[in-house]
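K.L.:
Okay, here's the structure, questions in a sec.
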Amino acid sequence: MTERTTVGIVGAGPAGLLLGHLLAAANVPFVIVENRSREHVLSRIRAGVLEQSSVDVLDRFGLADRLHAEGLVHGGIHLQVEGRRFHVDFEDLVGRTVTVYGQQQVVLDLMRRHDELGSAVHYGASEVTPVDVTGDEPHLRFVVGGEQHDLAARFVVGADGYHGVCRTVIPPEALNPAERAYDCAWLGVLADVAPSTDELVYALHPDGFAMHSMRSPSVSRLYLQVDPGEDIADWSDERIWDGLQERLGIPGWTLTPGPITEKSITPMRSSVASTLTYGRLFLAGDAGHIVPPTGAKGLNAAIADVAMLGDALTVAVGGSETALASYSDRALARQWKIQYFSQWMTDMLHLPGPSTPPAERDFRYRSRVGQLDFVTTSRFAQQTLAEQYTGLAIA
Ligand code: FAD
Ligand code: DHB
């Protein structure tokens, strides 16, 4: 089957689905091609915190009604070190908030609106292949339900994540990612229990990092730092709750445990491609860059890319490619600020990994305690954190 569109989008994660809505609002034709089923895409538990800048983008396109009804607006976070818990008050420091609303809910809202619009979204596509992206006839080949599709597109967008196909089309010397691996991983659980905290708690403890987040007034999301080689099978629910209680506990406060409905271990890595543009192919979101999760930036960075790319593609369809030509540089300049912040939060709140010699491990732990003592007593330091956590301008 041969088709033609203006923008061929690979990936129906938050980046691809949102880009479709930006293009729909500007009457730019698009087709989205996703290699997993709709149910699978909806079942992936990932990010949970939306910057104010991200909420603003969703609002601009009328995509935030349920988010405003059900999302939890947080005016700050708690930073905890050695049993001392300190509230960083974003509203007071920078006059901004964040909204706790699961990535799955964002994706569900975006899918439902595509259903209403009757958008062309192909789930369960196999053999998705971008072809001739540097030539005159860019197109996407893929198979759905046994039928071969050949989709000619003026522009191809790779919104297919870090393990997607689009970044592999770019020659290694052009993609040339700058990378950092971290010597720790996050064990994350979802639990059917009311959160024991009003706002998120990020804690540094001699046993490692722990965090208490949430998804709703009755669902908690919690994380523990573990070594990258850990096997989730070795972590019983009881061991997880004991670890969380030990690391998050402070005098006069206890963590309420509950049934764990999901648990997994995620490694941490930073990676930033040297370019997000290759011919007529444009990368957005995790396809172009990933961060360690500590600053809650992955999903938000994907939304920021898409806001910039959606505007640039719309203007390009109207006749001027100036904004499209600068997309990669603008998105990467913003991304490097996000990488800096995510690395800063990650280093401040985690213990060095098991291969670090004991004296150095002790030194690094102590200096992180010093850093947290500084941040929790300096208004300037808190303002810096608050400005970045609530989201940089998208431009
Ligand atoms: P994705 O969400 O990865 O979407 C890409 C889509 O492309 C997927 O639907 C995928 O199935 C599809 N795809 C892949 N290959 C192909 C192909 N060949 N053809 C067609 N489609 C394809 N961020 C945070 O801020 N906080 C967190 O707690 C957090 N936890 C995370 C946990 C995990 C396990 C992972 C992987 C990420 C996490 N992130 C977190 C990061 C955040 O979820 C991502 O930054 C966000 O999903 C990026 O959105 P995206 O649309 O760019 O990519
Ligand atoms: C969540 C994840 C994060 O990485 C973070 O910094 C805050 C919250 C979450 O999943 O809720």
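K.L.:
Between helix 103-117 and the chain, what is the angle of the helix's C-alpha long axis to the longest principal axis, kept within 0 to 90° and rounded to the nearest 10?
P.N.:
20
K.L.:
Whole Å is fine, so just give me how far the alpha carbon centre of segment 194-242 lies from that of segment 25-46.
P.N.:
Cα centres, segment 194-242 to segment 25-46: 30 Å.
K.L.:
To the nearest whole percent, what portion of all C-alpha pairs in segment 1-120 is separated by more than 25 angstrom? Don't jump to the answer; show the numbers that get you there.
P.N.:
Values: 2499 of 7140 pairs.
Tail fraction, whole percent: 35.
K.L.:
Do any GluC sites (Glu not before Pro) in segment 221-304 lie in a loop, going by DSSP, with at most 16 other beta-carbon atoms within 10 Å of their beta carbon, and if so which?
P.N.:
Sparse-neighbourhood loop GluC sites (Glu not before Pro): GLU230.
K.L.:
Using a 7 Å offset from the Cα along the Cα-to-Cβ direction at both ALA178 and ALA359, what is the distance between the two label points in nm, to one decimal?
P.N.:
3.3
K.L.:
Suppose every K and R has +1 on its Cβ and every D and E has -1 on its Cβ; what is the size of the dipole of the chain about the Cα centre, in Debye to the nearest 20?
P.N.:
480
K.L.:
Let me ask you something else. Just want the answer: with Cβ charges of +1 for Lys and Arg and -1 for Asp and Glu, which residue in GLY158, VAL33, GLY146 is farthest toward the dipole's positive end in the chain?
P.N.:
With unit charges placed on the Cβ atoms, the residue in question is GLY158.
K.L.:
Expressed as a fraction of 2.2 N^0.38 Å, the rule-of-thumb size for a compact globular protein of N residues, what is the C-alpha radius of gyration of segment 257-395?
P.N.:
On the way: Rg = 18.8 Å, N = 139, 2.2 N^0.38 = 14.3 Å.
Taking N as the residue count of segment 257-395, the ratio is 1.31.
K.L.:
Around ARG36, what is the net charge, scoring Lys/Arg as +1 and Asp/Glu as -1 over all other residues with Cβ under 15 Å from its Cβ?
P.N.:
So the environment of ARG36 carries a net charge of -2.
K.L.:
Suppose every Lys and Arg Cβ carries +1 and every Asp and Glu Cβ carries -1, with no other charges. What dipole size does segment 247-395 come out with about its Cα centre, to the nearest 20 debye? List each step's numbers first, then the result.
P.N.:
On the way: 13 positive and 11 negative charges, 71 e Å.
For this selection, approximately 340 debye.
K.L.:
Let me ask something else about it. Over the Cα atoms, compute the radius of gyration (one decimal) and Dmax (the largest Cα-Cα distance, rounded to a whole number) for the chain, in Å.
P.N.:
Radius of gyration, then largest Cα-Cα span, for the chain: 21.4, 67 Å.
K.L.:
Another one. Of the trypsin sites (Lys or Arg not before Pro) in segment 33-83, which ones lie in a loop per DSSP and count no more than 14 other C-beta atoms within 10 Å?
P.N.:
Values: sites: ARG36, ARG38, ARG44, ARG46, ARG60, ARG66; in loops: ARG36, ARG44, ARG46.
Passing both the DSSP loop test and the Cβ count: ARG44.
K.L.:
Could you work out the relative contact order of segment 193-249, using alpha carbon pairs under 8 angstrom and six or more residues apart, expressed as a whole percent?
P.N.:
35
K.L.:
Evaluate E = 1/(1 + (r/R0)^6) for ASP373 and ARG66, where r is the Cβ-Cβ distance and R0 equals 41 Å; express this FRET efficiency to the nearest 0.05.
P.N.:
Working from the Cβ atoms, E equals 0.55.
K.L.:
Right, another one. Cβ under 13 Å from GLU262's Cβ, GLU262 left aside: what net charge do those residues give with Lys, Arg +1 and Asp, Glu -1?
P.N.:
Working: positive: ARG44, ARG46, ARG215, ARG221, LYS263; negative: ASP192, ASP237.
Net of charged neighbours comes to +3.
K.L.:
Could you work out the local net charge near ARG330, counting Lys and Arg as +1, Asp and Glu as -1, over the other residues with Cβ closer than 15 Å to its Cβ?
P.N.:
For residues surrounding ARG330, the net value is -2.
K.L.:
Moving on to the next point. Just going by the charge dipole of segment 11-86, with Lys and Arg at +1 and Asp and Glu at -1 on Cβ, which of ALA24, ILE45, VAL73 is farthest out on the positive end?
P.N.:
It is ILE45, whose Cα lies furthest towards the positive end.
K.L.:
Could you give the length gained on full extension between THR275 and PHE380, defined as 0.36 nm per residue of separation minus the Cα-Cα distance, in nm?
P.N.:
Values: separation 105, 0.36 × 105 = 37.80 nm, distance 3.38 nm.
Length gained, THR275 through PHE380: 34.4 nm.
K.L.:
While we're looking at this one, here's another question. Using a 7 Å offset from the Cα along the Cα-to-Cβ direction at both SER320 and ASP237, what is the distance between the two label points in nm, to one decimal?
P.N.:
Reported label-point gap for SER320 and ASP237 is 5.9 nm.
K.L.:
Springs between alpha-carbon atoms under 10 Å, Gaussian network over the chain: tell me which of ALA233, ALA323, ALA203 tops the mean-square fluctuations.
P.N.:
Of the options given, ALA233 has the highest mean-square fluctuation.
K.L.:
Computed over the Cα atoms of segment 289-343, what is the convex hull's projected area averaged over all directions, in nm²?
P.N.:
Result: a mean projected hull area of 3.4 nm².
K.L.:
Which GluC sites (Glu not before Pro) from segment 30-121 combine a DSSP loop assignment with at most 13 other Cβ atoms within 10 Å? Could you put the intermediate results ahead of the total?
P.N.:
Values: sites: GLU34, GLU39, GLU51, GLU70, GLU82, GLU91, GLU116; in loops: GLU34, GLU51, GLU82.
Here the sparse-neighbourhood loop sites are GLU82.
K.L.:
Using the alpha-carbon atoms, what tilt in degrees (0 to 90, nearest 10) does helix 14-25 show relative to the longest principal axis of the chain?
P.N.:
50
K.L.:
Using r as the Cβ-Cβ distance of ALA152 and ALA333, and R0 as 22 Å, what FRET efficiency do you calculate, to the nearest 0.05?
P.N.:
Efficiency for this residue pair is about 0.10.
K.L.:
In square angstrom, rounded to the nearest 10, how much accessible surface does ARG113 have for a 1.4 Å probe?
P.N.:
Roll a 1.4 Å probe over it and ARG113 shows about 70 Å².
K.L.:
Taking the 0 to 90 degree range and rounding to the nearest ten, how far is the long axis of helix 237-248 tilted relative to the main principal axis of the chain, both from C-alpha atoms?
P.N.:
Compared with the principal axis, the helix lies near 70 degrees.
K.L.:
Of TYR365, TYR101, TYR340, which is the most mobile in a GNM of the chain whose springs link Cα atoms less than 10 angstrom apart?
P.N.:
Between TYR365, TYR101, TYR340, it is TYR340 that shows the largest mean-square fluctuation.
K.L.:
Now for a separate question. Please work out the Cα convex hull volume for segment 182-278 and give it in Å³ per residue. Don't skip to the end; give the middle numbers.
P.N.:
Details: hull volume 13.8 nm³, N = 97.
Here the figure is 143 Å³ per residue.
The values are calculated or read from the model by the stated rules, or taken from the named source; none is laboratory data. Keep in mind the model is a prediction, meaning the values are calculated, not measured. Cβ sites come from the backbone with ideal geometry, for glycine too, and all protein chains shown count toward neighbours. For the accessible areas, the whole protein counts, side chains as well, though only heavy atoms, and no ligand, DNA or RNA atoms are used. Shrake-Rupley method; radii C 1.70, N 1.55, O 1.52, S 1.80 Å.
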